[in-house]
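First up is the structure itself, then whatever we jot down about it.
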Amino acid sequence: MRGVAALVVALHHATYYFVPAARARVEVSWLEPGKYGVLVFFLVSGYIVPASLERHGRVRNFWISRLFRIYPLLLVACALTLLPFLLGVRGLRGGLEQYNPVTATLAHLTMLQDVLAVPNAINVLWTLSYEMVFYLLVVALFVTGAHRRSAPVALLFAVAALAVGALLPTTLLSRTAGVDLVVAVSTVVLVAAIAAAVTDRPVLRVAGGVLGGVLALGLVVVNGRAGAWEGLVILAVMFTGTALYRAEHGQISRRAGALAAGGVLVAAIAAGCWNARTLPADQASAFASYWSGSVLLAALTFAAGWALLRHRRIPRVLTGLGTISFSVYLLHPVLLMAFDQFGFIPEREDPLRLLIFVVMLLVLSWAAYRWIEAPAQNLGRRLARRGRT
C-alpha cells in the first residue's frame, strides 16, 4: 500500500507536466489523488510505527531507527534541490531564499518545518513534519504507559478537529514571536526532549517524552501552515491505523477498533465539509467534494488491504515497490525539477515522456534504496545493537 500510494502521488504531480489535457479529461471532482495517496501513507505509518517502537522496547533504539531510516535520503534530496540555487540557475521553492539560512536549515533538520512556518524545500516534505509530530506523540504515550489507548486518542483528535479546529489560528507563534525565534527555541526543545527520552533514567525518559509530545502538539495546534483542523485530522488518521493494529493483535477489542475507525472517518469528512465554508463560494463545494472522496477512498483502500490481503502472499512487484516507496515519494519532485531544468518538460501532450519519467523514477528509487537507504538502515541496526554506546 505504501508503494502504490507513493506512485499515485508521483503520477498526480507528473501528469500536470506531461499530459495536462488528458489529466483534465479523466479528472473527477470527488477525488484528489495526491491527498488520497498521503492519507493512505498516514494510515500505514500509524499501523507500523508504534509497533516498531514497542518491538524495540527502548526509545533510544526507536529514534536511531527513525534517524537512519529517513535522514540519509532526506539530506541527499535536499542537497540536490539546493544545487541549482547554489549554481545560480534557479530560485528556491516558496521563496525560501528570503529566510535566514540558519533558520531554514534548522527547521528542515528538525523535520518540523511545515509547523514552524518555514516553506518546504521540496513540496512533499510537509508530510514528514506530521510524521515527526506523530513520532513525538507516540513516544510521549509510550513513556507514560498510555500507548495502548490509541482508539480514544484517535477519536479525541478527530472530535477536536471538528469542534475547535476552525477556531485555532495558523502560524500564530511565528507571526507574534518571529520565525527565527520559534525555530531556534523549537530546535533546542526538540533536541533536549529526545536526549532526555533516550536515557535509561525513568524520570528523565518520561520528562523528555512528554516534553516532545507537548512541543509537537502545540506546533500543530497554533503554528501549522495548514489549518489546525487538518493537522488534527491527520493525527486522528494516523492513530486510527494504530488502533486497527491493536485490534488485530488483541491488544484492544475489535469493537473498539471499529468504533474508532468509524468515528474518525465521520468526523474527518465532517470537519473538511464544515471548514470548506471559509473558502470562496466557488471553491467551497469543490473542496468539500474532493476532501470527502479522498478520505473515504483512502479508508476503503486501507480496509480492503487489511481485510483481504494481510494473510495472502503479496506479488514481489508490489513488495518491491513498497520497499522503494520512500525514495519514490521523496525523489519524484527532484526528478521533475531536473526534467524542467534540462528542457525535458514538453510544450504539449507527451505520454511517452511520462512513461520515461516513471521508468527513470523507479530506477533512480531502486538505486537510492540500494546505495543510500539500505546501508544507512543496516548501520542504524548495528548501532542500536551496541547497547549504551
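The values are calculated or read from the model by the stated rules, or taken from the named source; none is laboratory data. In this text the structure is predicted, and so the values were computed from the model without any measurement. Here the Cβ is made from the backbone with ideal geometry for all residues, glycine too, and neighbour counts use every protein chain on show.
Observations on the structure shown:
- Among (1) within 23 Å of the chain's Cα centre (by Cα); (2) surrounded by 15 or more Cβ atoms within 10 Å (Cβ to Cβ), the one test that LEU204 misses: (1)
- Scanning region 88-137 for residues that are aromatic (Phe, Trp, Tyr) and either in contact with a His (Cβ under 9 Å, 6 or more places away or on another chain) or under 22 Å from SER65 (Cβ atoms) (or both) yields a count of 3.
- Some residue of region 366-374 being crowded, with 20+ Cβ neighbours inside 10 Å and not aliphatic (A, V, I, L, M): yes
- Residue selection: ARG277 fails the criterion of being modelled with pLDDT under 90, over 21 Å from VAL8 (Cα atoms) and assigned to a loop (DSSP other than H, G, I, E, B).
- Set LEU86, LEU53, LEU39: member being under 22 Å from LEU109 (Cα atoms) and touching a helix residue (DSSP H, G or I) at 6+ places or on another chain (Cβ under 7 Å): LEU53
- Count of residues meeting criterion [surrounded by fewer than 24 Cβ atoms within 10 Å (Cβ to Cβ), over 20 Å from VAL295 (Cβ atoms) and among the hydrophobic types (A, V, I, L, M, F, W, C)] in region 213-245: 5
- Reported count of residues in region 168-198, each being free of Cβ contacts under 8 Å to residues at least 24 places away in the same chain and either in a helix (DSSP H, G or I) or touching a Pro at 6+ places or on another chain (Cβ under 9 Å) (or both), is 9.
- As a summary of the residue check, SER65 satisfies the conditions (1) of a type in the set (Gly, Ala, Ser); (2) over 30 Å from ALA196 (Cβ atoms); (3) part of a helix (DSSP H, G or I) except for the one numbered (2).
- Flag for GLY262 being surrounded by 14 or more Cβ atoms within 10 Å (Cβ to Cβ) and among the small types (Gly, Ala, Ser): no
- Every residue from region 117-134 that is among the aliphatic types (A, V, I, L, M) and either part of a helix (DSSP H, G or I) or within 16 Å of GLU230 (Cβ to Cβ) (or both): ALA117, VAL124, LEU125, LEU128, MET132, VAL133
- Test: residue in region 88-95 that is out of contact with any strand residue (DSSP E or B) (no Cβ under 8 Å at 6 or more places or on another chain) and surrounded by 20 or more Cβ atoms within 10 Å (Cβ to Cβ): no
- Restricted to region 132-167, and to residues there that are of a type in the set (Gly, Ala, Ser) and free of Cβ contacts under 8 Å to residues at least 40 places away in the same chain, the residue that is surrounded by the most Cβ atoms within 10 Å (Cβ to Cβ) is ALA163.
- Positions within region 318-355 being of a type in the set (D, E, K, R), surrounded by 15 or more Cβ atoms within 10 Å (Cβ to Cβ) and assigned to a helix (DSSP H, G or I), in sequence order: ARG353
- All conditions but one from (1) in a loop (DSSP other than H, G, I, E, B); (2) buried (at least 20 other Cβ atoms within 10 Å of the Cβ) apply to SER29; the one that does not is (2).
- A single member of THR110, THR144 is more than 30 Å from ARG255 (Cβ to Cβ) and either within 20 Å of the chain's Cα centre (by Cα) or of a type outside the set (Phe, Trp, Tyr) (or both), and it is THR110.
- Counting residues in region 4-21 that are free of Cβ contacts under 8 Å to residues at least 12 places away in the same chain and part of a helix (DSSP H, G or I) gives one or more.
- The condition of being out of contact with any helix residue (DSSP H, G or I) (no Cβ under 7 Å at 6 or more places or on another chain), closer than 23 Å to LEU80 by Cβ and surrounded by 15 or more Cβ atoms within 10 Å (Cβ to Cβ) holds for VAL358.
- Residue check, VAL183 surrounded by 17 or more Cβ atoms within 10 Å (Cβ to Cβ) and either out of contact with any Gly (no Cβ under 8 Å at 6 or more places or on another chain) or acidic (Asp, Glu) (or both): yes
- Some residue of region 270-290 being crowded, with 17+ Cβ neighbours inside 10 Å, among the hydroxyl-bearing types (Ser, Thr, Tyr) and over 25 Å from ILE48 (Cβ atoms): yes
- Among the residues of region 32-54, those that are touching a residue at least 24 places away in the same chain (Cβ under 8 Å), more than 15 Å from VAL237 (Cα to Cα) and either part of a helix (DSSP H, G or I) or of a type in the set (Lys, Arg) (or both) comprise PRO33, GLY34, ALA51, LEU53, GLU54.
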